[in-house]
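Chemist: Dropping a structure here in structure tokens format, bear with me for questions.
The values are calculated or read from the model by the stated rules, or taken from the named source; none is laboratory data. Quantities reported herein were computed from a predicted structural model and do not represent experimental measurements. Backbone-built Cβ (ideal geometry, glycine too); neighbour counts: all protein chains shown. Note: areas computed on protein heavy atoms with side chains; ligands, DNA, RNA excluded. Shrake-Rupley method; radii C 1.70, N 1.55, O 1.52, S 1.80 Å.
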Amino acid sequence: MKILHIITSLQTGGAETLVVNLMPRFRDLGHEVGLVVFNNEKTKLMERLKHECPECKIYELGTSCYNPLYIIKLIGIMKKYDIVHTHNSSPQLFAAIANLFTRKKLITTEHNTSNRRRYWKWYANIDRWMYNRYNRIICISNQAEENLRNYLKRDKLPIVTIFNGVDIASFHNAKPIEELKTDKFVAIMVAGFRKQKDQDTLVKAIAKLPKEKFELWLVGTGERLNDVKNLAKNLNIEDNVKFLGLRTDVARLLHTADVVVMSSHYEGLSLSNIEGMSVDKPFIASDVDGLHEITEGYGILFPHEDSDSLAKIIERLSTDQDYYNQVASSCYARAQQFDITKMVEGYEGVYTQR
């Protein structure tokens, strides 16, 4: 098969990482793969894709994520492929329009349990039209599927849930970064600084703990980075919060820290959730859609935006070694249910269905 994925950019994020993980695996299965990127900014994920899958044809359309003129370019590109698979809002809509002229098998992945469009009542009919153009809609969690059906008010849409997957072995076998080790108990969160994420609550939790005993590492960048830096400064813990930026050694960072946290307002099925559970460390998450489903019964959930509860959880894990080991073991067992090979098999099954 000739398989084309379409995405807004290859900035750091769950959808972007998923696409880069998929490309070399489908190449290894004997398929021809291509990728359309709306915003062709050079990123670490772009570099990684070119290194790991040089056979992947990359079409860089421009510098914007929302230029409707891309529809014309998409028509010409999509004609070359058998399967067209979209991610993110503008690729979903633009490819659906372009496919009126190409008639390709059209697949999309819904990466979140919610998004801004669902709060725009005037946009609902556009979404209904768009989703009806797709041969199959993949949701990355049961909650994401349920929320999408409720939003569209249609039960018969061709929706299937395929959980996100991670290369569990590569994360589990990574080695810690010795020069970063510290005597303090370190919590780490890997996520873009976007409105969806809630680094604020984690920073507030660390501020409630003794400065001489606890430290926070925040990995990522984004529009809210300065807001979170200012929060740490205002709470007088700027020396206890390290902003590590974009990293290519996330697995090693996770092994170096003591606990992994995902504080968020909502998720689809967070790859960082699964990655964090893969490294023999306790995983702590906000009790929200997309995190609850994977974490409950294995890692530890705390009430949304409740920094007091989060601080108490981190403190207990730092002092109760038996509890720490129990949670870490449960998390790793859970992570193994989401190995990337299962996801690839699910996607290939969707591609080959008539």
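Chemist: Mind giving me the FRET efficiency for Ala124 and Glu238? R0 is 45 Å, r the Cβ-Cβ distance, nearest 0.05 is fine. Each step should come with its number before you reach the end.
Modeler: Details: r = 44 Å, r/R0 = 0.98.
The pair Ala124/Glu238 has a calculated efficiency of 0.55.
Chemist: Return a whole-number percent for the relative contact order of the chain, with Cα pairs under 8 Å and 6 or more residues apart as the contact set. Intermediate results must be reported in sequence, preceding the final value.
Modeler: Working: 695 pairs, mean separation 52.8, N = 354.
Value for the chain: 15 percent.
Chemist: Accessible surface of Thr248 in the full protein assembly, 1.4 angstrom probe, to the nearest 10 Å²?
Modeler: 120
Chemist: Related question: What lysines could a cross-link reach from Lys213, if we take a straight Cα to Cα line under 23 Å and drop same-chain neighbours fewer than 8 places away?
Modeler: Straight-distance partners of Lys213: Lys181, Lys184, Lys204, Lys229, Lys233, Lys242, Lys281, Lys312.
Chemist: Tell me the Rg and the Dmax, in Å, that the Cα atoms of region 222-354 produce.
Modeler: Cα radius of gyration and Dmax of region 222-354 are 16.6, 59 Å respectively.
Chemist: For Trp120, what accessible area in Å² do you get when you roll a 1.4 Å probe over the heavy atoms of the protein chains, rounding to the nearest 10?
Modeler: Accessible area, nearest 10 Å²: 100 Å².
Chemist: Cross-link candidates for Lys104: which lysines have Cα within less than 23 Å, leaving aside residues fewer than 8 places away along the same chain?
Modeler: Excluding near neighbours in sequence, the set is Lys2, Lys57, Lys73, Lys79, Lys80, Lys156.
Chemist: How much length is gained if the chain between Thr182 and Ser329 is pulled fully straight, taking 0.36 nm per residue apart and subtracting their Cα-Cα distance, in nm to one decimal? Please report the intermediate quantities before stating the final value.
Modeler: On the way: separation 147, 0.36 × 147 = 52.92 nm, distance 2.31 nm.
That works out to 50.6 nm of additional length.
Chemist: In addition: Gain in length, Asp82 to Asp200, computed as 0.36 nm per residue apart minus the alpha-carbon separation, to one decimal in nm?
Modeler: Working: separation 118, 0.36 × 118 = 42.48 nm, distance 4.43 nm.
Separation in residues times 0.36 nm, less the Cα-Cα distance, equals 38.1 nm.
Chemist: Excluding ligands and nucleic acids, what accessible area in Å² is computed for Leu29 using a 1.4 Å probe, to the nearest 10?
Modeler: Using a 1.4 Å probe on the heavy atoms, I get roughly 90 Å².
Chemist: Which loop-located GluC sites (Glu not before Pro) does region 1-91 contain, where loop means any DSSP state but H, G, I, E or B and the Cβ has at most 13 other Cβ atoms within 10 Å? Mind showing how you got there, number by number?
Modeler: Details: sites: Glu16, Glu32, Glu41, Glu47, Glu52, Glu55, Glu60; in loops: Glu41, Glu55.
Answer in residue order: Glu41, Glu55.
Chemist: At Leu69 and Glu47, where each label point lies 7 Å from the Cα along Cα→Cβ, what is the point-to-point distance in nanometres?
Modeler: 3.1
Chemist: Quick one: ranking His5, His51 by accessible area, 1.4 Å probe, largest first, what do you get?
Modeler: In descending accessible area the options line up as His51, His5.
Chemist: OK, next. Quick one: net charge around Ser114, please, counting Lys, Arg +1 and Asp, Glu -1 for every other residue with C-beta under 11 Å from its C-beta. Present the calculation step by step, with values, prior to reporting the outcome.
Modeler: Values: positive: Arg116, Arg117, Arg118; negative: Glu110, Glu267, Asp289.
The answer is 0.
Chemist: Now, a different point. So which trypsin sites (Lys or Arg not before Pro) in region 10-43 pass both tests, a DSSP loop state and at most 12 other Cβ atoms within 10 Å of the Cβ? Kindly include the intermediate steps, with their values, before the conclusion.
Modeler: Numbers: sites: Arg25, Arg27, Lys42; in loops: Lys42.
Passing both the DSSP loop test and the Cβ count: Lys42.
Chemist: Please report the base-10 log of the normalised intensity I(q)/I(0) for the chain, using a Debye sum with one equal scatterer per alpha carbon and no solvent, at each q in 0.12 (1/Å).
Modeler: Each listed q corresponds, in turn, to -0.88.
Chemist: Taking 7 Å along the Cα-to-C-beta vector as the label spot, tell me the Asp28-Asp322 distance in nanometres, rounded to one decimal.
Modeler: Computed distance between label sites Asp28 and Asp322 equals 4.2 nm.
Chemist: Just the C-alpha atoms of region 6-73: what Rg/Rh do they give, with Rh taken as the Kirkwood radius? Write out the running numbers ahead of the final one.
Modeler: On the way: Rg = 11.8 Å, Rh = 12.2 Å.
My calculation of the ratio gives 0.96.
Chemist: In 5 Å bins starting at zero, report the fraction of Cα pairs in region 143-271 per bin as a rounded %.
Modeler: Taking all Cα pairs of region 143-271, the binned fractions are 2, 9, 17, 19, 17, 13, 9, 7, 5, 2, 1, 0 percent.
Chemist: Using alpha-carbon positions, what is the distance between the centroids of region 220-274 and region 321-354, in Å?
Modeler: Spelled out, the Cα-based centre of one part sits 23 Å from the other.
Chemist: Taking the Cβ of Thr248 as the centre, find all other residues whose Cβ is under 10 Å away and add up their charges (Lys, Arg: +1; Asp, Glu: -1).
Modeler: Working: positive: Lys44, Arg48, Arg247, Arg252; negative: Glu47, Asp249.
Counting the neighbours of Thr248, the net charge comes to +2.
Chemist: Same structure, new question: Take the Cα gyration tensor of region 50-179, multiply each eigenvalue by 5, square-root it, and list the three semi-axes largest first, rounded to whole angstrom.
Modeler: Working: eigenvalues 156, 103, 44 Å².
Working from the Cα gyration tensor, I get semi-axes of 28, 23, 15 Å.
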